[in-house]
Amino acid sequence: MSLSRGKTLVTEGYGLQQCDLPPFEEGRIDPREWFAAPGRPLEIEIGSGKGTFLVQEAPLRPAVNYLGIEKSMDFYRYAADRVRRRELDNVRLLRADAAEFLRFWCGDGVAAVVHLYFADPWPKKRHHKRRIIQDRVLGDLHRILGPAGELRLVTDHEELWAWYEQCARRHAHLFQERPFNPPESAAPGEIVGSNFERKYRREGRPFFGMTLVRRHGDT
Ligand SMILES: C[S@@+](CC[C@H](N)C(=O)[O-])C[C@H]1O[C@@H](n2cnc3c(N)ncnc32)[C@H](O)[C@@H]1O
């Protein structure tokens, strides 16, 4: 059974796909222009899954635009339909590989915050290259974040957490590490309040979070 459980999912007006983007050879694009009010600060969630963080956080912060980037077609359609039914004009979903979108399409300095919660850990060594956070991606994130922009990371996976800490140390010239503060929409006792957090909390797993604040300077 797919995520839709037989319901018709409509993405129109709220979702777009990597295949609909202009060829990247034509130059970088500014995703802020996809919103009704493009002048608002943009926050990007990588791997937005069912869109729980977005549908909780966006109504509380209507002066901020949120872009969820999700690779899976099923999750993208489910989340975009959820956002459409709630008429959240400050949310858009992009079905894309986030690393590719950031590297090849996304313009400089467009985002105030990038959220990455409970990314797939890819525990086998030969799969580490599939992890979202890589040295090259941190360089791309530094480019697409505005001044003092933030990368917010949370995971339950100790080995992925160690990977994040090592990446952060190697890029201390680009980002300053700070403690993670829960977003406004997190319920008391939650770190983010995403779907995977709730699932893993029931399993008693530990959670780790950090905020990397963009330093001024070149990659
Ligand atoms: C473990 S789930 C976490 C979902 C959500 N962040 C949460 O906390 O409930 C990881 C999500 O990231 C998506 N994902 C994995 N790699 C991705 C990529 N390169 N670009 C965009 N989404 C990706 C997966 O399809 C999946 O929906």
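The values are calculated or read from the model by the stated rules, or taken from the named source; none is laboratory data. All values derive from a computational prediction rather than experimental measurement. So basically every Cβ, Gly included, is an ideal-geometry build from the backbone, and we count neighbours across all protein chains shown.
Side notes on the structure shown:
- Scanning the stretch 38-95 for residues that are in contact with a Pro (Cβ under 7 Å, 6 or more places away or on another chain) and either of a type in the set (D, E, K, R) or in a helix (DSSP H, G or I) (or both) yields a total of 1.
- Asp108 passes every criterion in (1) surrounded by fewer than 19 Cβ atoms within 10 Å (Cβ to Cβ); (2) within 22 Å of Leu54 (Cα to Cα); (3) away from the ligand (no atom under 13 Å from the Cβ) apart from (2).
- Only listed residue being out of contact with any strand residue (DSSP E or B) (no Cβ under 6 Å at 6 or more places or on another chain) and either among the hydroxyl-bearing types (Ser, Thr, Tyr) or modelled with pLDDT of 95 or more (or both), chosen from Gly217, Gly209, Gly193: Gly193
- Residue in the stretch 125-146 that is modelled with pLDDT of 95 or more, within 11 Å of the ligand (Cβ to nearest atom) and touching a Cys at 6+ places or on another chain (Cβ under 8 Å) present: yes
- Tally, over the stretch 178-208, of residues that are of a type outside the set (Asp, Glu) and not in a loop (DSSP other than H, G, I, E, B): 10
- Among the candidates Phe75, Phe35, the residue that is of a type in the set (Phe, Trp, Tyr) and within 16 Å of the ligand (Cβ to nearest atom) is uniquely Phe75.
- Among the numbered conditions (1) closer than 15 Å to Leu151 by Cβ; (2) β-branched (Val, Ile, Thr); (3) within 16 Å of the ligand (Cβ to nearest atom), the only one that Ile191 does not meet is (1).
- When Arg84, Arg95, Arg61 are checked against the criterion of being among the charged types (D, E, K, R) and either in contact with a Lys or Arg (Cβ under 9 Å, 6 or more places away or on another chain) or surrounded by 20 or more Cβ atoms within 10 Å (Cβ to Cβ) (or both), Arg95 stands alone in meeting it.
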